[in-house]
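The values are calculated or read from the model by the stated rules, or taken from the named source; none is laboratory data. Keep in mind that what you see is a predicted model, and the values were worked out from it rather than measured. Note that each Cβ is placed from the backbone with ideal geometry, even for glycine, and that neighbours are counted across all protein chains shown.
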Amino acid sequence: MNNLILSEWYKLRKNRSFRSLCLLLIVAAVAYPLFQYYVPPRNGPKITFTGIELFVDAVGINVYFLKITLGVLAGFFISSEYSSGAMKRTASAGSSRMRIYGAKLAVYSFGAVIIALLFPVISVIVGSSLTGFGQLTDVNATEYLFRTLGFTVLFAAAFASIAALLAIAMRDSGKSIGISLVFFLFVDLITKLATPYFPIIKTIYDYSVFNLFMTSIQYRLDSNDDLLLSLTVPVLTFAAFALLGMYAFRRKEIK
Amino acid sequence: MIDYVLRTSQLTKQYKDQYALDKVDLAIPKGSIYGFIGQNGAGKSTLMRIVSGLSFPTSGSIELFGKNAEKEIVQSRKRMGAIIESPALFPHMTAYENMEVHRLQKGVPGKANIGKILELVGLRETGRKKAGNFSMGMKQRLGLAIALLGDPEFLILDEPTNGLDPMGVVEMRELLKRINRETGLTILISSHILSELHQLATHYGIIHRGKLLEQLTVKELNERCQHYLHIKVNDPDRAAAVIERKLDTTEFEVMSGGVIRLFRYLEHPGKVSSELAAAGLEIEQFMPMGEDLESYFAGRIGGAGHE
């Protein structure tokens, strides 16, 4: 397993889409506060913000960044190995399918976590260096920062587990990216549209990572239940989709 | 007792109502170069894919290095290298980086091994050139280099000469022969170039429409390939009469175009030519000939065209 993880990590580091996404997010995270700081709006007062306020903004935007980038990375890191034939080498090299999928998912999830953290972390660093870290009125800023980053790690891994299953099922990077984008970006809308016909969907959605991710980045979690759900649901989602992925990959014919 | 690297028993792969493999019993002796011959869609790649773990049989079993339990077979694949259908490279990586991915994956110690193998296949000097920009021949050689990582005992090569120029084909053949001779590496190889396979393989398996028609050694093949004297004369009917009377044999065939195939007197061609000349016949062509692998294969599958 260790060999497989080392090999996957080497591939991820060399993966052009991973590098490009990281670069894009770093540029966006640096440019966003600099633009706000140095280019005040026309006919309006100069926007003042602190590092933590910028972080709050960045976390809200990051939800969408994450949903878009995960599918792209899954397509180019997982599905593309089918089209290049590289998956054949891996599958014939003497490791069980479960281990192969496990190593791939572990490294892909790690990549997803890096991508998920880049924008908010760099935003808060750049913002703080320009105007100071600052305070939040409702909650201790440091506590909020680390709690939100912790949840971002958990939810990114959970989303990655879902995207990895889609990528394994699709086999083709184009299809994989397309399906992932549609799924992640429109799952909220689809749920709303389907709820009047199937009320159970609303209940499932409320307890899913898609809804709870938004809950977890609020200043205050309304109850201990929210905290508990925000901790357990992504972990369970990761585990469930990892098992589903392993099952799907176990007897899959590799073309 | 013969030691086998791979044995299959009643191996069957069915897609809906079509059999890609139909009860195949194949055995590859240790240290052999096993030439796997068949038309497109005959089942060669399907068998190689099952042995490599890319596909699963509908029924039947395989025994790899004497192991037949599923977990043991998976483990045994660590002793194998394979190129199935394509070299399977990462196009955005250099030759060295491609090798490094697989070195890490197989847990092969020492990066120095990479340089040695790249040297062996003639790709040491490719530097920072990406594999995506390699010629087909270079890709095939890099695919072989990856398959050779970790000193495998069994190599599966599905059409490894595809895309190689004539010199590349010869180099590949000589390289495989040398590795087989020096390390005792067992090789299962399929190729459309039967003349090449004839110069390389020590054992053959002929597969047609999913059924393994025959397995034979190179010695058996040579025995079964019919040899004859090819004689072209100005009057074949009179020549036939001379052969029957003077040489006392009916083991010949009169072909079109004044050609006679004589299956006797291969050791004494001089006697044949003197008798024909003595009868006043003009001999236009006179040479020993024999079936090669290509014609033997065509004969075995009944001369069927491509599917």
Restricting to the stretch B:273-305, what's the tally of residues that are in a loop (DSSP other than H, G, I, E, B) and among the charged types (D, E, K, R)? 3
Residue list for the stretch B:51-82, restricted to those being among the hydroxyl-bearing types (Ser, Thr, Tyr), part of a loop (DSSP other than H, G, I, E, B) and touching a strand residue (DSSP E or B) at 6+ places or on another chain (Cβ under 6 Å): B:THR58
Could you check B:LYS219 against (1) without any contact (Cβ under 8 Å) to a residue 24 or more places away in the chain; (2) outside the structural domain of B:LEU21 (by TED's automatic domain parsing); (3) not aromatic (Phe, Trp, Tyr) and say which number it fails? (2)
State yes or no: is B:GLU70 over 27 Å from the mean Cα position of the chain (by Cα) and either within 28 Å of B:ALA201 (Cα to Cα) or of a type in the set (Asp, Glu) (or both)? yes
Those residues of the stretch B:57-80 which are facing chain A (nearest Cβ under 9 Å) and closer than 26 Å to B:LEU144 by Cβ, in sequence order: B:VAL74, B:GLN75, B:SER76, B:ARG77, B:LYS78, B:ARG79, B:MET80
Looking at (1) of a type outside the set (A, V, I, L, M, F, W, C); (2) under 30 Å from B:GLY41 (Cα atoms); (3) part of a helix (DSSP H, G or I), find the lone condition where B:GLY270 falls short. (2)
Between B:LEU221, B:LEU293, B:LEU213, B:LEU281, which is under 20 Å from B:SER190 (Cα atoms), at pLDDT 90 or above and surrounded by 13 or more Cβ atoms within 10 Å (Cβ to Cβ)? B:LEU213
Looking only at the stretch B:41-56, which residues are of a type outside the set (A, V, I, L, M) and either surrounded by fewer than 20 Cβ atoms within 10 Å (Cβ to Cβ) or within 11 Å of chain A (Cβ to nearest Cβ) (or both)? B:GLY41, B:SER45, B:THR46, B:ARG49, B:SER52, B:GLY53, B:SER55, B:PHE56
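Being away from chain B (no Cβ under 14 Å), β-branched (Val, Ile, Thr) and more than 21 Å from the chain's Cα centre (by Cα): is that true of A:THR50 here?
It is true that A:THR50 is away from chain B (no Cβ under 14 Å), β-branched (Val, Ile, Thr) and more than 21 Å from the chain's Cα centre (by Cα).
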Within the stretch A:212-254, how many residues turn out to be surrounded by fewer than 14 Cβ atoms within 10 Å (Cβ to Cβ), within 14 Å of another protein chain (Cβ to nearest Cβ) and either assigned to a loop (DSSP other than H, G, I, E, B) or at positive phi (or both)? 2
Among the listed residues B:HIS203, B:HIS230, which satisfies the condition of being under 22 Å from B:ALA279 (Cβ atoms) and touching a residue at least 40 places away in the same chain (Cβ under 8 Å)? B:HIS230
What number of residues within the stretch A:53-101 satisfy the criterion of being facing another protein chain (nearest Cβ under 10 Å) and acidic (Asp, Glu)? 1
Where in the stretch A:1-109 are there helices (runs of 4 or more DSSP H), lying wholly inside it, with at least 3 residues that are more than 25 Å from B:ILE146 (Cα to Cα) and β-branched (Val, Ile, Thr)? A:16-38, A:51-74
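Kindly evaluate B:LEU212 against the criterion of being more than 14 Å from chain A (Cβ to nearest Cβ) and either among the aromatic types (Phe, Trp, Tyr) or not in a helix (DSSP H, G or I) (or both).
For B:LEU212, the condition - more than 14 Å from chain A (Cβ to nearest Cβ) and either among the aromatic types (Phe, Trp, Tyr) or not in a helix (DSSP H, G or I) (or both) - is met.
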Flag for A:ILE115 being assigned to a helix (DSSP H, G or I), surrounded by 16 or more Cβ atoms within 10 Å (Cβ to Cβ) and touching a Cys at 6+ places or on another chain (Cβ under 7 Å): yes
Within the stretch B:85-132, how many residues turn out to be assigned to a helix (DSSP H, G or I), within 9 Å of chain A (Cβ to nearest Cβ) and surrounded by fewer than 22 Cβ atoms within 10 Å (Cβ to Cβ)? 4
Tally the residues that are crowded, with 24+ Cβ neighbours inside 10 Å and farther than 30 Å from B:LEU157 by Cβ, restricting the search to the stretch A:72-94. 3
State yes or no: is B:GLN140 surrounded by 18 or more Cβ atoms within 10 Å (Cβ to Cβ), assigned to a helix (DSSP H, G or I) and in contact with a strand residue (DSSP E or B) (Cβ under 8 Å, 6 or more places away or on another chain)? yes
